[in-house]
Amino acid sequence: MEKPTYYLTTPIYYVNAIPHLGTAYTTIASDAMARWQRMDGRDVFFLTGLDEHGQKVAQSAERAGISPQQWCDEIAPKFQDTWKALGITNDDFIRTTDERHMRGVQAFWTELFEKGYLYKDTYDGWYCVPDETFFTQDQLVDGKCPDCGRSVEFVHEENWFFKLSEFADKLLDYYEEKPDFICPETRRNEVVSFVKGGLKDLSISRTTFDWGVPIPFDEGHVTYVWIDALLNYITAIGYGGTEEEQAKFDHYWPADVHFVGKDIIRFHCVIWPAMLMAAGLPIPKKVFAHGFLLTKGEKMSKSRGNAVSPRDLTEIFGVDAYRYYFLSDVQFGADGSISMERMVQVYNADLANSWGNLCSRVLNMCGKYFDGKVPAFPESQVGAPNPLRDIAEGIYGSYHAAMDAIDYSSAVQAVGELCARANLYVEESAPWNLAKSDETADELAAVIYSALEAIRIMALFYAPFMPETSDEVLARLSLDGVATIESVKEACTWGGLPAGNTVTKGDALFPRLDISDITLEEM
């Protein structure tokens, strides 16, 4: 039977600097979802990439004394290397300078032009080059960009325009018909209010520079970078391509979810669906706009100069702990304050003292009491109360519901509850006492088997967040890694750990950290 598809995307990131915690945040969140959907039996296509056109890129390249293409070619590997280091499992990496993308963009503009949704006129307004965004006089703050606070320049040029104003009512009807299209709800309310305030037609071309996708029916015009960027979601999966590429587009589109930051929801929730409506294409099922990461109360961004490199933190905490912290401690969808102190606190409490300690103790006791082999669960203990089995049998439902809601904190919490109960179960059962008498041998075997089985199941559900650790734990139980799992619902059935498997204790998964030993400058 053919698997149901699941297509998810990150925004494509601008090539003005190396990745920072903000771009990594969106990307690891998307990766966790991609990993989960694969484990839950879906045909996943996970897209990320780079936005390489626009005036800012052209100016940066000029200052560096190189061509815009060379500038992009030098930046791209830095993103790809970072994502690889963070365990990102994207299926494609789109660059807007790719021939396939430019071909698809031109096919899209030809479609809208032939349908009468484009016209030529003169644009007069303010433009922020760093943000590549147009603003009206009323939107400026003290005459400067309302987003980054830098100077803007007045633009007067002939542009092609998209008839965005014609889609206000259609968009409002769609928001009402599909209330889950924009998440979380606070973002939805913001978008609805914006559209009700009226939409103006949108400039979709520029003529003052040439670093962009040419408008196919008017020489000298290149596509406005933000519109160019939005189209990556369809060009990457074959829109405007060969018959085979188009078949891929038909297979995966519409996207199940676009993950974006809350600062770009108008592009994704207003302009993008209107463009798709005009082209007669299906609209994505969901746009999830997460909040900002805040350091000392201020948004983290490259333009503000307070961006921290993911590599700095993974050298201290490791990749899995890094991923765990940002997806568990920061409620996805809301702004989150981050600090080194809090990262150390979460690392020690959740990973070193709880998950890591549980694995170390139980695997060690298996080696001590059963010669490093998984004991068979005794028949005499089959009907006995088992709190770990009771919790484990309900974990799939609560975890699945949380992931469907893109509520990573609740998903992690569901696993954490089993982890906490397993630690308590070991203390209550006291295997070290049961091992003193042959009369309690069956009870000892039941306790060790139950604890090992709980660890196996936790490793499955922790895998989207901490994939390397989960693979390591499963390997210590002589089991295959999570990449082999096509139905986690079946895999997490209680009793799936084979008796007789070799168990290896191994080194500590998460050695405790002391904040005083960390030399990275406080964030």
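Descriptive notes on the structure:
- Cα centre as origin, Lys/Arg/Asp/Glu Cβ charges: the chain dipole, Debye: 480 debye
- Cα long-axis angle, helix 185-196 against the chain (0 to 90 degrees, to the nearest 10): 10 degrees
- Full extension of the chain between Asn501 and Ala349 gives 51.7 nm of extra length, using 0.36 nm per residue less the Cα-Cα distance.
- Across the range 481-494, coupling constants 3J(HN,Hα) worked out from phi with the 6.51/-1.76/1.60 Karplus curve, θ = phi - 60°, read x, 5, 5, 7, 7, 10, 9, 5, 4, 6, 5, 8, 4, 4 Hz, and Gly and Pro carry x.
- Taking 0.36 nm per residue of sequence separation and removing the Cα-Cα distance, the Ala508/Asp92 pair yields an extension gain of 146.3 nm.
- Arg63 paired with Asp517, simple spin-label distance in nm, labels 7 Å along Cα-to-beta-carbon: 4.1 nm
- Which of Leu294, Leu363 has the fewest Cβ neighbours within 10 Å, and the rest in rising order: Leu294, Leu363
- Exposed loop sites are taken as GluC sites (Glu not before Pro) in a DSSP loop (any state but H, G, I, E or B) with at most 14 other beta carbon atoms within 10 Å; the longest stretch of the chain without one runs 220-485.
- Taken along the Cα-to-beta-carbon direction at a fixed 7 Å, the label points for Glu158 and Tyr174 span 3.2 nm.
- Paramagnetic reach from Ile18 in the range 85-111 [backbone N under 19 Å; point 7 Å along Cα→Cβ]: 85-88
- Pairs of Cα atoms nearer than 8 Å and 6+ residues apart set the relative contact order; for the range 5-307 it is 22 percent.
- Those lysines that a straight Cα-Cα span of less than 16 Å connects to Lys505, excepting residues fewer than 8 apart in one chain: Lys368, Lys373
- Only beta bridges with both residues in the chain are counted; by DSSP, about 50 percent of them are antiparallel.
- Placing dummy labels 7 Å off each Cα toward the beta-carbon, the span from Arg150 to Lys489 is 5.0 nm.
- The chain shape via C-alpha gyration tensor axes, a/c threshold 1.5: prolate
- Among the listed pairs Lys56/Lys200; Lys178/Lys200; Lys285/Lys489; Lys170/Lys200; Lys262/Lys286, those whose Cα-Cα separation exceeds 19 Å are Lys56/Lys200; Lys178/Lys200; Lys285/Lys489.
- Once the chain from Asp138 to Glu439 is taken as fully extended at 0.36 nm per residue, the excess over their C-alpha distance is 100.1 nm.
- Applying 1/(1 + (r/R0)^6) with r as the Cβ-Cβ distance of Gln246 and Asp210 and R0 = 35 angstrom yields a FRET efficiency of 0.75.
- With contacts taken as Cα pairs under 8 Å and at least 6 residues apart, the chain reaches a relative contact order of 16 percent.
Values quoted throughout were computed directly from the atomic coordinates according to the rules given, and no laboratory measurement underlies them. The structure displayed is predicted, hence computed values, not measured ones. Neighbour counts are summed over all protein chains in view; Cβ atoms, including those assigned to glycine, are modelled from backbone coordinates with ideal geometry.
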